[in-house]
Amino acid sequence: MNVIKTELPEVVLLEPRVFEDARGLAYESYNRRRFHELTGVDTDFVQDNRSRSARNVLRGLHYQVVKPQGKLIGVLHGEIYDVAVDLRKSSPHFGRWAGFTLSAADRRMAWIPPGFAHGFLALADATEVHYKLSDFWAPEHERVLLWSDPKLGIRWPIKGQPILSPRDAKGAKLAEAEVFP
């Protein structure tokens, strides 16, 4: 497995070694020991989630206060533009974002540490995403950062408006958001 750095030092892409021949393919998608070696993070993932989205659905930017979650994100079908925003007030990268494409074809995964908001835009129909989470979902602690906040300046690869849930459409701007120390 290889590590690919992003604009944010703690957010990395993990690229598996794929063994492919006429029969098909095989690869190790997660190995706790190797994950620790590559990221310096030793976590117990406690919850796995999957979502399916139509093209141009934007989910996020989500995060949890009190019980922040680290997320290991991969795409099982289709392609996404994935975004992480540093919400740690003490970080030199506070308010900065990293964006990258993940797809079923490239098999890369993204590590989004606790303290970051996360969201993605589905770039293909029936895009299916898999999340490994380092803490349980706590709806009372979930927050949404506004995907289109001009202060963030995220360059989403979409023309026009994305398809949003009502909750995501009403996310908080960074200046008003509850953030981490």
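Values in this text are rule-based calculations from the coordinates and carry no lab data. All values reported here derive from a predicted model rather than from experimental measurement. Glycine gets a Cβ as well: all are built from the backbone with ideal geometry, and neighbour counts include every protein chain shown.
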Between residue 21 and residue 76, what FRET efficiency follows from the Cβ-Cβ distance if R0 is 25 Å, with the result rounded to 0.05? 0.70
Long pairs among 89/151; 151/173; 132/159; 67/89; 89/170; 67/170, criterion Cα-Cα beyond 19 Å: 132/159; 89/170; 67/170
Antiparallel content of DSSP bridges confined to segment 44-176, in %, to 5: 95 percent
Per-residue ³J(HN,Hα) for segment 139-148, Karplus 6.51 cos²θ - 1.76 cosθ + 1.60, θ = phi - 60°, Hz, x for Gly and Pro: x, 5, 10, 7, 10, 10, 8, 5, 4, 10
Take each of the peptides 118-126, 22-30, 158-166, average the number of other beta-carbon atoms within 10 Å over its residues, and list them starting from the highest. 118-126, 158-166, 22-30
Between residue 96 and residue 41, how many nm apart are label points set 7 Å from Cα along the C-beta direction? 1.8 nm
Counting other C-beta atoms within 10 Å, and keeping those with at most 16, which DSSP coil trypsin sites (Lys or Arg not before Pro) do you find in segment 59-128? 89, 96
Compare 14, 102, 76 in a GNM of the chain, Cα atoms joined below 10 Å, and give the one with the largest fluctuation. 76
Most fluctuating residue given options 141, 77, 62, as computed from a GNM of the chain linking Cα atoms under 10 Å: 141
Net charge near residue 9 (other residues with Cβ under 13 Å of its Cβ; Lys, Arg +1; Asp, Glu -1) is 0
Apply the Karplus parameterisation 6.51 cos²θ - 1.76 cosθ + 1.60, with θ equal to phi minus 60°, to every residue of segment 53-63 and state each ³J(HN,Hα) to the nearest whole Hz, in sequence, with x for glycine and proline. 9, 6, 4, 6, 7, 10, 10, x, 8, 9, 7
With a/c under 1.5 counting as rounded, go ahead and sort segment 86-149 into rounded, prolate or oblate using the C-alpha gyration tensor (a ≥ b ≥ c being the square roots of the eigenvalues; past the cut-off, prolate if a/b is larger than b/c, else oblate). prolate
Site residue 48, offset 7 angstrom along Cα→Cβ, radius 12 Å on amide nitrogen, limited to segment 126-144, gives 130-133
